[in-house]
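Quick one: this structure, given as structure tokens, is what I'll be asking you about.
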Amino acid sequence: MSAAVDLQPWLAKSPFVAFLGLEIVAADPDAGELVMQMRFRPEFGRSSGGGERWHGGVISALADTAGDFALIMLHGAAPPTVNLRIDYLRPIVGVAVTARVKVRKTGRSIAFVDIDIHGEDGTLVAIARGNYATVGLPAAGPQEVKA
């Protein structure tokens, strides 16, 4: 991982994030990009006995957390979420999903982050945009991403 901030310890800081079992697959602070993966577990199912059919709330949590971690990678601190919008493009089935994050802009007060969620076969299954408060965070420094 080529991140300026070691992100692995951050995964254990929140009991909820630890419960999700997220894995950082790739991190590129210079490009403002991060890839995170989550594996299916029965608690993430849409209904009991429904196979590996993901509940939308779990996907939303992945999108929000992945966006947050992309900004932790740049700022070294966790920003609070201001807004998260997610559009589900198709039912999500399978043993794993991947979030691909692109920081569009991180400014003095707000950061804009796009998150694409892909199914295990690489199909785009959901798209999200998150806004995060950056007031009071350490500056992103030379790797600050601008639109």
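We did not get these values from a lab; they are worked out from the coordinates using the rules stated. Fair warning: this is a prediction, and the values are worked out from it, not measured in the lab. Note that we place each Cβ from the backbone using ideal geometry, even for glycine, and neighbour counts take in every protein chain shown.
So how strong a dipole does the stretch 8-141 carry about its Cα centre when Lys and Arg Cβ are +1 and Asp and Glu Cβ are -1, to the nearest 20 debye?
Rounded to the nearest 20 debye, it is 320 debye.
Kindly express, to the nearest 10 degrees and within the range 0 to 90, the angle between helix 56-75's C-alpha long axis and the longest C-alpha principal axis of the chain.
Tilt of helix 56-75: around 20 degrees.
Follow-up question, since we're still on this one. Please order PHE112, PHE44, PHE19, PHE69 by the number of other Cβ within 10 Å, starting at the fewest.
Ordered by Cβ neighbours within 10 Å, fewest first: PHE19, PHE112, PHE44, PHE69.
Give the Cα extents of the stretch 5-89 along the principal axes, in whole Å, largest first.
Largest first, the stretch 5-89 extends 42, 25, 21 Å along its Cα principal axes.
Given the peptides 98-105, 74-81, 9-16, arrange them by the average over their residues of other C-beta atoms within 10 Å, most packed first.
98-105, 74-81, 9-16
If you don't mind, there's one more thing I want to ask. If you project the alpha carbons of the chain onto their three principal axes, what span does each projection cover, largest first, in Å?
48, 28, 24
Further question on the same structure: Where Lys and Arg each count +1 and Asp and Glu each count -1, what net charge lies around THR98 among other residues with Cβ under 14 Å from its Cβ? Write out the running numbers ahead of the final one.
Working: positive: ARG39, ARG100, LYS102; negative: GLU23, GLU33, ASP116, GLU120, ASP121.
Cβ neighbours under 14 Å give a net charge of -2.
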